[in-house]
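Just below is one structure, and these are the notes that go with it.
The values are calculated or read from the model by the stated rules, or taken from the named source; none is laboratory data. A quick note: this is a predicted structure, and the numbers were derived from the prediction, not measured. Methodologically, a virtual Cβ is constructed for each residue, glycine included, from the backbone with ideal geometry; neighbour enumeration extends over all protein chains shown. Remember, those area values only see protein heavy atoms, side chains included, never the ligands or the DNA or RNA. Shrake-Rupley method; radii C 1.70, N 1.55, O 1.52, S 1.80 Å.
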Amino acid sequence: MAKLFTGKRPDDLRGTLRAMLSYLGRHKTLLIVVGVLAAVSALCNLLGTYMIRPVVNSAVSGGSGLTHGVLVTAVIYALGALAALGFTQIMVRAAQRVLYDIRRDLYGHLQSLPLGFFDSQRRGDLMSLFTNDVDTISDALNNSFAMLIQYLIEVVGTLVLLFVLNWRLSFLVVLGYLAMFLYIRFSTRRSRFYFNRQQKDLGALDGYLEEMVAGQKVVKVFGHEKQNLEGFARRNEALRLAGTSAQSYAGTMVPAVVTISYINYAVIAVLGGIMVMNGLSDVGSLASYLVFVRQAAKPINQLTQQGNFLLAALAGAERIFRVMQEPSEEDTGTIELVNVKVGSDGTLTACPEKTGHWAWRDSAADDAPLVPLRGDVRFEQVSFGYIPGHPILQDINLYAKPGQKIAFVGSTGAGKTTLTSLINRFYDVTAGRVTYDGIDVRRIRKADLRRSLGVVLQDTHLFTGTVADNIRFGKLDATQEEIERAARIAGADSFIRRLPQGYNTMLGPDGAGLSQGQRQLLAIARAAVADPPVLILDEATSSIDTRTEALIEKGMDRLMEGRTVFVIAHRLSTVRRSNAILVLEHGTVIERGSHEELLAQKGEYYQLYHGMFELT
């Protein structure tokens with residue numbers, strides 16, 4: 001029967017079906033009840049139609065069984081209706097539970113994937129997993145699961161009862177069935193190619209839309225609305241042509257099957273009437289037989305249609321399960337971050353309560369010593385590349401002692417941001433090692449490592465919620481007092497208090513309604529409330545004007561006091577007071593020193609400072 005379906009099949013049908021059945025198996029009791037009720041509904045439909053035979057024969061002969069036959073038929077149809085009502089309601093509940101499990105597991109797995117996975121995926125593609133693909137599974141579970149059982153029983157049962165009622169005429173019915181299947185197969189082959197092209201063209205159109213909507217500001221700046229509309233029109237026309245061809249062939253299946261069934265019905269009616277006149281059949285059998293023949297096309301059409309829905313759902317499920325099979329971010333670290341009490345003699349003792357003092361402890365060793373968290377970060381002959389054989393960083397050696405401010409400068413693509421990504425293990429080094437308080441960061445649990453780091457990125461991201469909630473994201477148990485203190489440190493308190501509801505002002509997606517500079521200030525406040533020993537500022541003040549930057553400079557100094565700070569910035573005013581400035585070029589450190597020392601060398605930094613090159 002699968003060959004009759006026009007929907008796009010998943011590449012790994014067996015594996016996808018196995019994974020889908022594992023989710024269905026979690027709610028097998030409900031699904032068994034659905035299957036039983038669907039079977040009861042189908043059998044009642046068949047038996048109700050068969051009851052036409054005794055009812056008609058009783059009416060023709062004037063027997064006393066007419067009333068009894070009508071009542072029995074009514075009870076059968078009523079039972080079938082109740083069974084149909086029961087399985088539809090139970091299937092809704094079972095389907096929603098299955099979808100809940102899939103969405104939960106998919107989102108949970110996405111949270112465990114490495115950053116490199118998201119770098120290689122379009123956000124629209126990931127979002128479509130939770131919308132389009134889950135919706136196709138929802139449609140199939142709600143509409144196809146029980147219906148497939150019901151219609152399959154009706155198709156088989158109809159054929160059996162047709163042979164029971166009149167085996168001679170049934171051979172003609174089988175020929176009609178065969179003609180239906182042959183046409184469906186022909187139409188399927190013609191339309192499958194266009195359905196596949198339609199999906200490809202739809203993906204191209206979706207990708208184009210996503211890029212153009214996200215880049216509307218650039219489009220309007222350069223006045224390319226007309227060109228973009230032409231590009232959309234080309235892709236839209238390709239989708240229209242593919243969709244028209246696909247639907248043209250697929251849309252002929254139902255009319256063709258119905259036409260064949262009408263022809264078959266007419267032939268059977270004529271021949272059946274002749275058989276009744278010649279005494280080869282009774283009127284009741286013919287009446288019941290003709291109803292079965294008339295209804296025969298419906299379960300075939302529905303079975304084909306539901307099969308297409310099911311295959312579309314499995315294709316969507318395959319995309320979901322393919323993502324769920326992506327390897328999670330590896331974390332073999334055993335060293336954890338713990339709260340400690342500091343004794344009068346300087347000894348450290350682990351404790352559950354928060355003390356403001358932290359230490360590293362190896363959870364795999366019972367007698368492992370506690371290493372105080374100081375913020376000493378070192379790179380030892382580090383090399384790294386996103387793609388094997390294409391290194392971004394080569395043989396990097398650098399150190400940041402506790403409390404030092406280290407700045408990275410260099411041209412775009414020099415490897416500045418990559419360096420900071422290796423500290424928090426968004427990526428692991430290809431060669432060499434990065435140490436944190438003398439410990440290889442690969443031995444530290446990622447959650448504990450990242451908890452000790454504060455990061456302010458160039459691309460701020462604010463969530464839908466209040467201003468306070470967005471700052472609290474840096475420390476979920478932060479009090480209102482801590483939030484306001486962090487905002488004052490970042491220089492955000494004054495503008496926050498001017499908002500309609502102050503700290504309780506609701507923000508839209510990504511901080512809609514705030515300027516880019518205000519969003520950046522909230523991101524800095526978010527890092528400040530976390531109070532981390534190591535701070536990474538990746539172009540943190542790039543979206544803040546010079547006047548605003550001057551206002552928060554003192555607050556930033558307070559934030560950075562006593563912390564190890566890594567700064568990536570294009571403004572010399574941000575980096576000149578660093579303890580050390582590292583100039584990167586093509587993945588290597590070409591200069592290191594203080595602002596004054598580097599100027600005295602009259603090298604790359606000297607040229608950048610005097611405007612001979614743009615500092616980016």
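Test of understanding: express the Cα radius of gyration of segment 394-552 as a ratio to 2.2 N^0.38 Å, with N the residue count.
On the way: Rg = 16.8 Å, N = 159, 2.2 N^0.38 = 15.1 Å.
Ratio of Rg to 2.2 N^0.38 Å for segment 394-552: 1.11.
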>> With the cut-off at 25 Å, tell me which of the pairs 416/446; 405/475; 405/602; 200/220; 354/475; 401/446 have Cα atoms farther apart than that.
In response: 200/220
> Which residues does a label at residue 100 reach in segment 29-49, if reach means a backbone N under 17 Å from a point 7 Å past the Cα toward the Cβ?
Replying inline: 29-31
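Quickly estimate the mean residue ellipticity at 222 nm for the chain, helices only: each DSSP H run with n ≥ 4 gives -39500 (n - 2.57), and the total goes over all residues, rounded to 500.
Working: 24 runs with 364 residues, N = 616.
Rounded to the nearest 500, it is -19500 deg cm²/dmol.
Using Cα pairs under 8 angstrom and six or more residues apart, how large is the relative contact order of the chain, in percent? Don't skip to the answer; put the middle values down first.
Values: 919 pairs, mean separation 86.5, N = 616.
It rounds to 14 percent for the chain.
Would you mind getting me the FRET efficiency between residue 109 and residue 224? Use the beta-carbon distance for r and R0 = 41 Å, nearest 0.05. Numbers along the way, then the final one.
Numbers: r = 39 Å, r/R0 = 0.95.
Working from the Cβ atoms, E equals 0.60.
Let me know the longest stretch in the chain that avoids all GluC sites (Glu not before Pro) found in a DSSP loop with at most 16 other C-beta atoms within 10 Å.
Working: sites that count: 329, 330, 353, 561, 614.
By the stated rule (loop sites, at most 16 other Cβ atoms within 10 Å), 1-328.
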> Measuring with a 1.4 Å probe in the full set of protein chains, what accessible area per residue, in whole Å², belongs to the chain?
Replying inline: 51
> For 200, 298, what's the largest-to-smallest order of accessible area, 1.4 Å probe?
Replying inline: 200, 298
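How large is Rg/Rh for segment 315-382, to two decimals, with Cα atoms and a Kirkwood Rh? Can you show the working numbers first?
Values: Rg = 19.4 Å, Rh = 15.5 Å.
Here Rg/Rh amounts to 1.25.
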> What are the radius of gyration and Dmax of segment 131-280, computed over its Cα atoms and given in Å?
Replying inline: 24.7, 87
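Set the Förster radius R0 to 51 Å, insert the Cβ-Cβ distance between residue 326 and residue 60 as r into 1/(1 + (r/R0)^6), and round the FRET efficiency to 0.05. Numbers along the way, then the final one.
On the way: r = 69 Å, r/R0 = 1.35.
So the FRET efficiency works out to roughly 0.15.
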>> With the crude spin-label approximation of a point 7 Å out along Cα→Cβ, what separation in nm comes out for residue 186 versus residue 263?
In response: 1.0
>> With Kirkwood's inverse mean 1/r over C-alpha pairs for Rh, give me the Rg to Rh ratio of segment 78-188, two decimals please.
In response: 1.20
>> Suppose each label sits 7 Å from its Cα in the direction of the beta carbon; what would the residue 21-residue 232 distance come out to in nanometres?
In response: 4.6
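For segment 361-453, what % of the accessible area comes from carbon and sulfur atoms, probe 1.4 Å?
It is 50 percent, rounded to a whole number.
Given a Förster radius of 35 Å and the C-beta distance between residue 602 and residue 401 as r, what FRET efficiency does 1/(1 + (r/R0)^6) yield to the nearest 0.05? Working shown, then result.
On the way: r = 27 Å, r/R0 = 0.77.
It comes out at approximately 0.80.
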>> Expected output is a single nm value to one decimal: the length gained when fully extending between residue 295 and residue 588, i.e. 0.36 nm times separation in residues minus the C-alpha distance. What is it?
In response: 97.8 nm
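Find how much the distance from residue 90 to residue 339 grows on full extension, using 0.36 nm per residue of separation minus their present alpha carbon separation; answer in nm with one decimal. Could the numbers behind the result be given before it?
Working: separation 249, 0.36 × 249 = 89.64 nm, distance 5.06 nm.
84.6 nm is the gain from fully extending residue 90 to residue 339.
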> Once both labels are modelled 7 Å past Cα along the beta-carbon direction, what's the residue 447-residue 576 spacing in nm?
Replying inline: 4.5
>> To check you understand DSSP bridge types, tell me what percent of the beta bridges within the chain (both residues inside) are antiparallel, rounded to 5.
In response: 60
> Per 10 Å bin from zero, what fraction in whole % of the C-alpha pairs of segment 13-87 is there, up to the bin with the longest pair?
Replying inline: 19, 30, 22, 15, 9, 5, 0
> Here are several values of volume of the Cα convex hull per residue in Å³: [x] 169; [y] 200; [z] 228. Which one was derived from the coordinates shown?
Replying inline: [z]
> What figure in square angstrom, to the nearest 10, would you give for the accessible area of residue 319 with a 1.4 Å probe?
Replying inline: 90
>> Starting from 0.36 nm per residue, how many nanometres of slack lie between residue 510 and residue 479 once their C-alpha separation is accounted for?
In response: 8.8 nm
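Leaving ligands, DNA and RNA out of it, report the carbon-plus-sulfur percent of the accessible area of segment 91-247 at a 1.4 Å probe.
Of the solvent-accessible surface of segment 91-247, carbon and sulfur hold 62 percent.
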